[in-house]
Amino acid sequence: AQSVTQPDIHITVSEGASLELRCNYSYGATPYLFWYVQSPGQGLQLLLKYFSGDTLVQGIKGFEAEFKRSQSSFNLRKPSVHWSDAAEYFCAVALSGTYKYIFGTGTRLKVLA
Amino acid sequence: DAGVIQSPRHEVTEMGQEVTLRCKPISGHNSLFWYRQTMMRGLELLIYFNNNVPIDDSGMPEDRFSAKMPNASFSTLKIQPSEPRDSAVYFCASRVEWNEQFFGPGTRLTVL
């Protein structure tokens, strides 16, 4: 069955430290890949997406993600975290040509001053 | 661009009452999705419309839930009668063709 795994439920980092959020998927083919961020009381905002091409994708707010086919992973990174990055982050996948997203369970990021 | 608009943002009602949630997708988007988010189950797709036609409603929990999309700029999700276990945040999202989904701010529903 198709699935998306975000193994870290909570992550705490200090402001200015680097960040990596993990996402692994289980699909038979290369899916479309997304990272969304949800601040408290808000909807989901798209950070970045991967459809094809360059496997290193740049997004908004200084985030980037790398698609690694061999590892079925799409990890999100940021070199220096800001206090405003504290939020919940969701990885999502969709098969090309389909409408259904499979969301991970989310990783809640806490940033220490 | 105003983004996806949802109303109300918060709704508190009593068990047995009818609840109607509203969504205005982004202009030009031809697909609309309703999701429910809870701590226990995460994000669940309830129903998907394409060009105003319901394509997949397999996620609708039961007959108490219904959704309509009378035109390209408006959709409703109705719960009748509501139950405490329906308490959740309900999101509407829209997209154009096979691009990414844009989410609204959500409606936080509390059923007492």
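The values are calculated or read from the model by the stated rules, or taken from the named source; none is laboratory data. Just so we're clear, the structure is a prediction, and the values are computed from it rather than from any experiment. Cβ atoms come from the backbone with ideal geometry, glycine included; neighbour counts cover every protein chain shown. Note: areas computed on protein heavy atoms with side chains; ligands, DNA, RNA excluded. Shrake-Rupley method; radii C 1.70, N 1.55, O 1.52, S 1.80 Å.
Values computed for the structure shown
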quantity: For B:V96, residues with placed amide H under 5 Å, excluding near neighbours; calculated: B:N30
quantity: In Å, descending, principal axis extents of the Cα set of chain B; calculated: 38, 26, 26
quantity: Neighbouring partner chain Cβ atoms per residue of B:24-34, average, 10 Å criterion; calculated: 0
quantity: Where only alpha carbons of chain A are counted, the Rg and the Dmax (Å); calculated: 13.4, 43
quantity: Inter-chain Cβ neighbour average for residues A:38-50, partner chain, 10 Å; calculated: 4
quantity: Threshold 20 Å², segment B:80-112 residues less accessible with all protein chains present than alone (1.4 Å probe); calculated: B:F91, B:R95, B:W98, B:N99, B:E100, B:Q101, B:F103, B:P105
quantity: Descending Cα extents along the principal axes, the protein assembly as shown, whole Å; calculated: 49, 39, 36
quantity: Inter-site label distance for A:K68 and A:E20 at 7 Å from Cα along Cβ, in nm; calculated: 0.7 nm
quantity: Karplus 3J(HN,Hα) series, Hz, for segment B:26-42 with 6.51 cos²θ - 1.76 cosθ + 1.60 (x for Gly, Pro); calculated: 5, 4, x, 7, 10, 10, 9, 10, 10, 10, 10, 10, 9, 4, 6, 10, x
